[in-house]
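The values are calculated or read from the model by the stated rules, or taken from the named source; none is laboratory data. Just so you know, these numbers come straight off a predicted model, no measurement behind them. With ideal geometry, Cβ positions are generated from the backbone for all residues, glycine too; neighbour counts draw on all protein chains shown.
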Amino acid sequence: MLKHNPSFIERIAEKLHLIENLHKEESVELPRLTEPGELTDYPPPEQWDNWTEYEAKSGLRRKARNYMIIPTTCFNCEAGCGLLSYVDKETMRVRKFEGNPYHPGSRGRNCAKGPATINQINDTDRILYPMRRKGKRGAGEWERVSWDEVLDDIAAKIRAALLEDRRNEVVYHVGRPGHEGFMDRILQAWGVDGHNSHTNICSAGARFGYAIWQGADRPSPDHGNAQFIFLISAHLESGHYFNPHAQRIIEGMMNGAKLAVMDTRLSNTASMADYWMPSYPGSEAAVLLAIANILIRENLYNEEFLRNWVNWRESLKELNPNAEVTFENFTAELEKLYAEYTPEFAEAESGVTAVMIEEVARQIGRAGTRFSAHNWRSAGSGNLGGWAVARCLHFLNVLTGSVGTVGGTLPSAWNKFKPKGFSTPPAQKFWNELHFPLEYPLSHYEMSFLLPHFLKENRGRLAVYFTRVFNPVWTYPDGFTWIEALSDEQKIGMHIALTPTWNETAYFADYVLPMGHASERHDLTSYETHSGMWISFRQPVLREAARKMGKNVKFTYEANPGEVWEEDEFWFELSWRIDPDGELGIRKHFISPYRAGEKITIAEYYQYIFENTKGLPEKAAEENLSPLDYMRKYGAFEIEKAVYNKHLDSLSETELEGAEIDSENGDVRKNGKVIGVMIDGAARTGFNSPSRKQEFYSATTKDWGWAEYAVPTYVKSHIHPENLDASKNEIVLVPTFRLPTLIHTRSGNAKWLAEISNRNPLWMHTSDGERWGIKTGDLVRVSTDIGYFINRAWVTEGMKPGVVACSHHIGRWRRAQDAKNNRWSTNQVTIEEVESGKWKMRVVEGIGAYKSSDPDTSRIFWTDGGVHQNITFPVHPDPVSGMHCWHQKVTVEKAHSGDKYGDVFVDTKKSFAIYKEWLAMTRPAPGPNGLRRPLWLARPLRPTDEMFYVENSNT
Ligand code: SF4
């Protein structure tokens, strides 16, 4: 009898129970995917300088291509996966990108967006030279200028602001970060409080929920070793760190882990789950607390972890001051606190059945310390009180003792490597209230999406405003208010867009400066993709190829296409010119550590970091390489294989010198602060919270005016059914889901990705379609509080009834006057201010084929560029975390006569009024001791401690 040899795909499908086990007679022992085997066949590194392959496109002819293989790091999302660039030695062009097997996070694998980097670098519409605005800002007229002119002009503006003490007018606003501390040292060398980020429209909610427990503001799940995995939203296909996470979730499942997914949509992730929990948006915390209730009631919690690592004594004293301080009284208090969160209550709130909630709870209890969980954007970023979802999810980790364990969920800070710079400028003595206003003392982090409103209210102005890989006009809510602010030269004196591609925000810049894609720049990344700690080197591969061939390249733009540069060198040169004679004290931070008095080079900057990276010099020496050459060769380095249980690290003798031990609760105190915890006679470092424990009761929350949220609580969202008017047919729009093949602005010039994903219809359940008389493909008008957009319906059973959803990735646009750009994905539109503050956008031309040097541009078959929905949303700043609450209360109806697909209307006066409504919900600083913000809470670009006090208002 012929025996069927199972294919790799079959074996995975069997193991994941997607198909029946066809090979029961065999005991199929799968190799762990981390080990070499099928699909892990890469050219050996000793041949990377001279690797020959036959050209796939050459048909029957055997056309050999000789490559130099140079590693770099993907730049298409935050995961920072490794890439190998295949540089054709004959043409000195990159032919393709594949995964880098030496990258500890991605282990040779990528999602579709990694290899599509080749599309981005070959995009025929890309910006190749620095451009300066000619006419009115936003009019679309540009002229090419030299890098020298650019640097001199901007440096003079910054120098003037510093000399005239207008330091808070210099601002760097980042979309896609990287660099690992690079910009902090630039801005602190300049002495400005000028860092602004996109965090508040992305992850501030989840970050606050985690930070309030333990200081670290992200979860780092060890999915590969988990027994039960709980995901809020579609992390398997499109979540944070999704390729590195996805491969480990699948590994965990192949080793027997069960997966629960709480997602309103039947996403690809939900379709892989053992438990799909289609919760009503905003009700997630109710479900999580019902699970907590079961874990407590059924004694499925980890008593040892709670006793040692939760601030239960302080919690009990606050919750029940009359009770004797015993652990038993604490657990009795817990039971009372969460008794109301019955599975039936959670079912009524969420729609997830009580039976499923109970089953999942018991699975979590059984998994114990091997329970991994993740919530990032989604519920955390959609809802008023979304931060409470992350907090309640982490509560389950705390109850099961799965914090920092094998198969559990680690605090992110344990995984992240912080490079050591060669010169550390002092913290700035400024506090920029445009970023950290008094109304949001606990925000994570800068209130970036309120900036145009703050400018409108004359809270300040910007003299020099850098946007770096950042496109708020398109990605943020309320884009027309951004257009109004960016168009006003009184509010923003100079706007400089540092970007690899044209975008809707760059249209309103004074300079558009082309910065490299993944293979055209230097950078460092280190993220909490799994239980290890790693560092990855992004490098300009053509420059590195030239170096290997003995060519001298001074600046990266000499090796890149056109004059595409990179930020690192740009900032060095700019800083040097701001302070030509060193009198401002800036230059001294840019002097080479290797050549006295000379300006540092980019190679020296990374040489210093790699020479000071734990274990890297020794590893490099094994191959007779310098640390820099090791990173140039392999592109990544594993600093620690596993970072479990770091809270159990012992305090050193130096740390313990002069410390006192609290005999009641084991706190180790020094200089008025808790620095560790005594456990079984040993002084442990603990977590990064003020008590060094997991803070069930948060004194911070109470002290800063939110006593009702002092313990993990369910916060009813702004889109809770109680807040919707059924008589007006109001319904919730979930606008946050990602398409796995797209990434915000940067995938707009990747043809393979645009070919796969090019529309964003409105998902609605069949029952909703029936009640509204809407079928798939019908035009619908979706009205928000400030306007509307016209989209097409997609009627599906894969959506929760009573909720609609639309992906935010699509709907890119350009106007007739703008450079033709991203034509794989941009509609041409007209924009008109029909009366003051009332803006209309109409699509006049969709996507279509065109002639260019790339034959594929004449093969474009799709015509749809999707609809820009975010621009119709008002700002919804959560009063606690500062997160923009993305979910929208909308009405859905058939399109009106005259409506056209892609139409958008917005009234920015209404959006300003809604901003004021939400602002009124805040409880502003000062907090205890006149502080603007708790001293212990992290803040990017942290100023000196004195600036945390309101009285020191050097703004
Ligand atoms: S997961 Fe992110 S970093 Fe990794 S290949 Fe995909 S886009 Fe690139």
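Here are a few things to note about the model shown:
- Odd one out for A707 among (1) surrounded by fewer than 17 Cβ atoms within 10 Å (Cβ to Cβ); (2) hydrophobic (A, V, I, L, M, F, W, C); (3) closer than 24 Å to A413 by Cα: (3)
- Number of residues in segment 599-627 that are crowded, with 16+ Cβ neighbours inside 10 Å, in contact (Cβ under 8 Å) with a residue 60 or more places away in the chain and outside any helix (DSSP H, G or I) equals 2.
- The C-beta contact set for segment 733-744 (first residue assigned to a loop (DSSP other than H, G, I, E, B), second residue within 16 Å of the ligand (Cβ to nearest atom) and of a type in the set (D, E), distance under 6 angstrom, 6+ apart or interchain) comprises P740/E237.
Here is a yes/no grid of residues against (1) modelled with pLDDT under 95; (2) under 30 Å from E722 (Cα atoms):
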{"position": "G282", "(1), (2)": "no, yes"}
{"position": "L288", "(1), (2)": "no, yes"}
{"position": "N293", "(1), (2)": "no, yes"}
{"position": "E335", "(1), (2)": "no, yes"}
{"position": "A346", "(1), (2)": "no, yes"}
{"position": "M356", "(1), (2)": "no, yes"}
{"position": "R366", "(1), (2)": "no, no"}
{"position": "H374", "(1), (2)": "yes, yes"}
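- Residue in segment 69-84 that is closer than 24 Å to E755 by Cα, away from the ligand (no atom under 13 Å from the Cβ) and not basic (K, R) present: no
- Inter-residue pairs, beta-carbon under 7 Å, first in contact (Cβ under 8 Å) with a residue 24 or more places away in the chain and in segment 386-398, second polar (S, T, N, Q) and not in a helix (DSSP H, G or I), 6+ apart: W387/S881; A388/T713; V389/N375; A390/N375; L393/N375; N397/T409; V398/Q694
- Just one of the listed residues (H240, H245) is assigned to a loop (DSSP other than H, G, I, E, B), within 16 Å of the ligand (Cβ to nearest atom) and touching a residue at least 60 places away in the same chain (Cβ under 8 Å), namely H240.
- Verdict on V310 being touching a Ser or Thr at 6+ places or on another chain (Cβ under 8 Å) and either surrounded by fewer than 23 Cβ atoms within 10 Å (Cβ to Cβ) or touching a residue at least 60 places away in the same chain (Cβ under 8 Å) (or both): no
- Test result for G135, more than 16 Å from the ligand (Cβ to nearest atom), modelled with pLDDT under 95 and farther than 22 Å from P426 by Cα: yes
- Residue selected from segment 465-495 under the condition over 24 Å from the mean Cα position of the chain (by Cα) and without any contact (Cβ under 8 Å) to a residue 40 or more places away in the chain, by the criterion surrounded by the fewest Cβ atoms within 10 Å (Cβ to Cβ): Q490
- Applying the criterion of at least 2 residues that are crowded, with 16+ Cβ neighbours inside 10 Å and of a type in the set (F, W, Y) to the strands (runs of 3 or more DSSP E) found wholly in segment 749-849 leaves 787-796.
- Among residues of segment 110-132, those that are away from the ligand (no atom under 16 Å from the Cβ) and among the hydroxyl-bearing types (S, T, Y), counted: 2
- Check on L316, crowded, with 24+ Cβ neighbours inside 10 Å and modelled with pLDDT of 95 or more: no
- Test: residue in segment 868-890 that is over 30 Å from I121 (Cα atoms), over 28 Å from the mean Cα position of the chain (by Cα) and either surrounded by fewer than 22 Cβ atoms within 10 Å (Cβ to Cβ) or of a type in the set (D, E) (or both): no
- Taking (1) small (G, A, S); (2) modelled with pLDDT of 90 or more; (3) not in a loop (DSSP other than H, G, I, E, B) in turn, A13 satisfies each apart from (2).
- Residue match in segment 456-468 (condition: under 15 Å from V875 (Cβ atoms), out of contact with any Lys or Arg (no Cβ under 9 Å at 6 or more places or on another chain) and not in a loop (DSSP other than H, G, I, E, B)): no
- Check on R132, closer than 17 Å to I492 by Cα and part of a strand (DSSP E or B): yes
- Just one of the listed residues (D184, D152, D193) is touching a residue at least 24 places away in the same chain (Cβ under 8 Å), surrounded by fewer than 21 Cβ atoms within 10 Å (Cβ to Cβ) and touching a helix residue (DSSP H, G or I) at 6+ places or on another chain (Cβ under 8 Å), namely D152.
Every residue, every condition in (1) in contact with a helix residue (DSSP H, G or I) (Cβ under 7 Å, 6 or more places away or on another chain); (2) of a type in the set (D, E); (3) under 26 Å from Y630 (Cα atoms), yes or no:
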site: M92; (1), (2), (3): yes, no, yes
site: N100; (1), (2), (3): no, no, yes
site: C111; (1), (2), (3): yes, no, yes
site: P130; (1), (2), (3): yes, no, no
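- Filtered residue count, segment 575-587, keeping only those that are under 17 Å from S423 (Cα atoms) and within 33 Å of the chain's Cα centre (by Cα): 4
- Residues in segment 197-224 that are hydrophobic (A, V, I, L, M, F, W, C), in contact with a Ser or Thr (Cβ under 6 Å, 6 or more places away or on another chain) and in a helix (DSSP H, G or I): A204, F208, I212.
- Residue under evaluation K57, criteria (1) in a loop (DSSP other than H, G, I, E, B); (2) at pLDDT below 95; (3) more than 16 Å from the ligand (Cβ to nearest atom), criterion not met: (1)
- Of the residues in segment 620-642, at least one is closer than 29 Å to M68 by Cα and among the polar types (S, T, N, Q).
- Taking the criterion of being closer than 25 Å to W763 by Cα, buried (at least 23 other Cβ atoms within 10 Å of the Cβ) and within 16 Å of the ligand (Cβ to nearest atom), the only residue of segment 248-272 that qualifies is T269.
- Test: residue in segment 117-127 that is modelled with pLDDT of 95 or more, assigned to a strand (DSSP E or B), in contact with a His (Cβ under 9 Å, 6 or more places away or on another chain) and not polar (S, T, N, Q): no
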